[in-house]
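Colleague: Handing you this structure, nothing more for now.
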Amino acid sequence: MKAFLLFTLITVSAIWLSCGDAPSPTPPVTGGKEAPELSGFSPLSGKKGTVIKIQGKHFGSDASKVSLQINGLKATINAVTDTEITAVVPEKCGLAKLVLTVNSKEVTSAAAFRYLYTVTTSYFSGSGKGDDGKDGGYTDGTPQQSEFRTLYNIATDSKGVMFAADLGNCMVRRIETDGSTSTLAGAEQGGFKDGKGNQALMKFPIGIELAPDGSIYVADQENHAIRRVFSDGTLVTVAGEPDKPGTADGGLASAQFKRPYGVKLDKTGVLWICDTENGLIRKLADSQVTTFAGSTPGYADGKLREAKFYMPSYLNFDQNGNIFVADKHNHCIRKITQDGLVTTFSGTPTKSGYRDGEAGQAMFNQPCNIQIDKLGNLYVNDLWNHCIRLVYPDGYVATLAGKGGTGGYKEGPGENALFKHPQGCTLDKDGNLFVTDSANQRIRKLTIE
C-alpha cells in the first residue's frame, strides 16, 4: 500500500511539474533565413565620426554577422536589432550607396551617403617673398629660404618628391619631402635652348608631368613647345618651337601648338596636351601629334571635334578612363566619355561666379587644375575665387579650403585659410593635397579628413 501511495505521489508530482510554464524560445540572432531589407538611413551626409542609423528588417541581433561598406570602405558596427543598425561611417568614404551584408546576404541602399570632407591648410615651403619683398624671387635651400616666382603646376613622384613649374623663373624646381628646394633645369633669363642644368632655357614653363622613367614633360608656354627634362637636368625639345604657334598635327618636327598649358600621361604612355590658346585637346603618341577634341575656341558640348573649349588648362583621368577638363575661361569642368562625347560636368558654362551646390547650379571663376582620387572625387583649383573646391562624382561642388572670392594668406581649417591665385595641385600617396599658392609664392599642404 505504501509503495502504491509513493508511486502515485511521484506520478502526480511529475505531471504537476510538466504543467509549469515552458521556457521562452531563444530569438534568432542572425535574422533567420530571410534576406535583409533596407528601407532607409539617416543622416544622408556627415563628417568623420558620423553615426548612421539604418532602418529595415531581418537584421537579426548578432553584430558579428553584419557588415556595412561605403565605397568599399568598412564601417564600424555599433549596435544591431532586427529593425535597426547603428554604425560609424568609414573615414573619407566619398559618395556612394550603402552595401549591407547580413548573414552573407547583401542589400544595397537606394540613396547614397555623402561624406563631408574637412581640410586643414598648413605651410609647406617658400619664403612668400623675393629680393624685392613683393613679387617673388629665386633662392634654393630650406623651406623658409626658398624663393619662387609664380609657381604653376606641380607633380609628385612615388617617394613624395615634388617637381614644380616655376613660371616666373623659367625653371623646373625640385621640392623634397621636408620642403627644401633645388633647381633641376632652367635659368632666370629664360629663352629657348636644349641643354643641361642652367644651360637649358625655357620661357614660362607652366605644365609638368612625371614619366615612369623619372623624366619630366614640360609645357613650355611662351615657346609653344613640349619639352622633356631628364633626371640629370638635361632638357630636350619634344615638339613645337618658338615663333611658330599653330594647330598643325603631324610628326614631332612639324607639329605646332599655341601656348600649351597642361600635360598628362595616361596608363598607356600617351601624352595628352591642353593646347590652351587653340582651345584643343591634343595627343602625342608614336611620335605623332593629333587633335583629339575641340575645334575653334568657344563653348559647345557634343562629339569630340564638334565640341568647343575656351582656354582648357588641365586634364585628368578617373579610374574608368573618363577625361575631365578644367575649361578655364568657360568657368566649368567638362567631361569626355570613353565613347567620345563632351559634356559639361559641373559649373555654369560661360558664367564666372562662386557658388557651391548641385552640378548645374555651382559656379567657378577660372578653374585651372584637377586632381582625382580613387573614389572619383575631383580637387579643383578655383583660381580667381582663391580657393580649393571639391567636385563629387555626381558633380556636386563643395569648398574645401579658402573663402570664395577673398584672396590673402592665412593657415587654418576650411574657409579660415586664405589663398591668392592657387594654380597647381598634386595628391601624395597619403591623400594630402599640395597646392602652389602662386601669388603668395608658397606651397601649401592640405590635410584632408
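Colleague: Please find, within the stretch 197-215, the residue that is farthest from residue 164 (Cα to Cα) out of those that are open to solvent by 20 Å² or more (accessible area, probe 1.4 Å) and touching an Asp or Glu at 6+ places or on another chain (Cβ under 7 Å).
Modeller: Taking the candidates together, the pick is 203.
Colleague: Out of the stretch 159-218, which residues are farther than 16 Å from residue 423 by Cβ and of a type in the set (Phe, Trp, Tyr)?
Modeller: Of everything in the stretch 159-218, those that are farther than 16 Å from residue 423 by Cβ and of a type in the set (Phe, Trp, Tyr) turn out to be 192, 217.
Colleague: Take the residues in the stretch 352-380 that are among the hydrophobic types (A, V, I, L, M, F, W, C) and within 8 Å of the chain's Cα centre (by Cα); name whichever of them is surrounded by the most Cβ atoms within 10 Å (Cβ to Cβ).
Modeller: Among those residues, the one meeting the criterion is 380.
Colleague: Also: For the stretch 36-44, does any single residue satisfy the condition of being modelled with pLDDT of 95 or more, among the aromatic types (Phe, Trp, Tyr) and in a loop (DSSP other than H, G, I, E, B)?
Modeller: no
Colleague: Filtering the stretch 427-439 down to residues that are open to solvent by 10 Å² or more (accessible area, probe 1.4 Å) and assigned to a strand (DSSP E or B), which residue is nearest to residue 374 (Cα to Cα)?
Modeller: Among them, the one singled out is 427.
Colleague: Can I ask one more? Among (1) within 21 Å of residue 228 (Cα to Cα); (2) among the charged types (D, E, K, R); (3) open to solvent by less than 10 Å² (accessible area, probe 1.4 Å), which single condition is residue 283 missing?
Modeller: (3)
Colleague: Report, by residue number, each residue of the stretch 386-424 that is open to solvent by 10 Å² or more (accessible area, probe 1.4 Å), in a loop (DSSP other than H, G, I, E, B) and under 25 Å from residue 112 (Cβ atoms).
Modeller: 393, 394, 396 - these are the residues of the stretch 386-424 that are open to solvent by 10 Å² or more (accessible area, probe 1.4 Å), in a loop (DSSP other than H, G, I, E, B) and under 25 Å from residue 112 (Cβ atoms).
Colleague: Residue 383 versus (1) open to solvent by 20 Å² or more (accessible area, probe 1.4 Å); (2) free of Cβ contacts under 8 Å to residues at least 60 places away in the same chain: which is the lone unmet condition?
Modeller: (1)
Per-residue answers, yes or no, for (1) in contact with a helix residue (DSSP H, G or I) (Cβ under 7 Å, 6 or more places away or on another chain); (2) β-branched (Val, Ile, Thr); (3) under 30 Å from residue 251 (Cα atoms):
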{"position": "284", "(1), (2), (3)": "no, no, yes"}
{"position": "287", "(1), (2), (3)": "no, no, yes"}
{"position": "293", "(1), (2), (3)": "yes, no, yes"}
{"position": "324", "(1), (2), (3)": "no, no, yes"}
{"position": "355", "(1), (2), (3)": "no, no, no"}
{"position": "367", "(1), (2), (3)": "yes, no, no"}
{"position": "370", "(1), (2), (3)": "no, yes, yes"}
{"position": "373", "(1), (2), (3)": "no, no, no"}
{"position": "385", "(1), (2), (3)": "no, no, no"}
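Colleague: Among the residues of the stretch 384-430, count how many are more than 20 Å from residue 154 (Cβ to Cβ) and out of contact with any Leu (no Cβ under 8 Å at 6 or more places or on another chain).
Modeller: 7
Colleague: If you take the residues in the stretch 237-272 that are hydrophobic (A, V, I, L, M, F, W, C) and open to solvent by 50 Å² or more (accessible area, probe 1.4 Å), which one is nearest to the chain's Cα centre (by Cα)?
Modeller: Taking the candidates together, the pick is 252.
Colleague: So, in the stretch 63-104, exactly how many residues are charged (D, E, K, R), at negative phi and in contact (Cβ under 8 Å) with a residue 40 or more places away in the chain?
Modeller: 2
Colleague: Restricting attention to the stretch 143-154, which residues are among the hydrophobic types (A, V, I, L, M, F, W, C) and buried (at least 24 other Cβ atoms within 10 Å of the Cβ)?
Modeller: Those that are among the hydrophobic types (A, V, I, L, M, F, W, C) and buried (at least 24 other Cβ atoms within 10 Å of the Cβ): 148, 151.
Colleague: Do you know which residues across the stretch 300-310 are out of contact with any Gly (no Cβ under 7 Å at 6 or more places or on another chain) and open to solvent by less than 80 Å² (accessible area, probe 1.4 Å)?
Modeller: Residues satisfying the conditions are 300, 301, 302.
Colleague: Next up: Got at least one residue in the stretch 216-228 being surrounded by fewer than 16 Cβ atoms within 10 Å (Cβ to Cβ) and of a type in the set (Lys, Arg)?
Modeller: There is no residue in the stretch 216-228 that is surrounded by fewer than 16 Cβ atoms within 10 Å (Cβ to Cβ) and of a type in the set (Lys, Arg).
Colleague: Please specify each residue of the stretch 94-111 satisfying the condition of being more than 19 Å from the chain's Cα centre (by Cα) and open to solvent by 10 Å² or more (accessible area, probe 1.4 Å).
Modeller: Answer for the stretch 94-111, where residues must be more than 19 Å from the chain's Cα centre (by Cα) and open to solvent by 10 Å² or more (accessible area, probe 1.4 Å): 97, 99, 101, 103, 104, 105, 106, 107, 108, 110, 111.
Colleague: While we're here: With more than 27 Å from residue 266 (Cα to Cα) and in contact (Cβ under 8 Å) with a residue 12 or more places away in the chain as the only criterion, which of 447, 436, 350, 343 stands out?
Modeller: Every option except 350 fails the conditions.
The values are calculated or read from the model by the stated rules, or taken from the named source; none is laboratory data. Keep in mind that what you see is a predicted model, and the values were worked out from it rather than measured. Positions of Cβ are backbone-derived with ideal geometry, glycine not excepted, and every protein chain shown enters the neighbour counts. Each accessible area value is taken on the protein alone, full model and side chains, heavy atoms only, with ligands, DNA and RNA left out. Shrake-Rupley method; radii C 1.70, N 1.55, O 1.52, S 1.80 Å.
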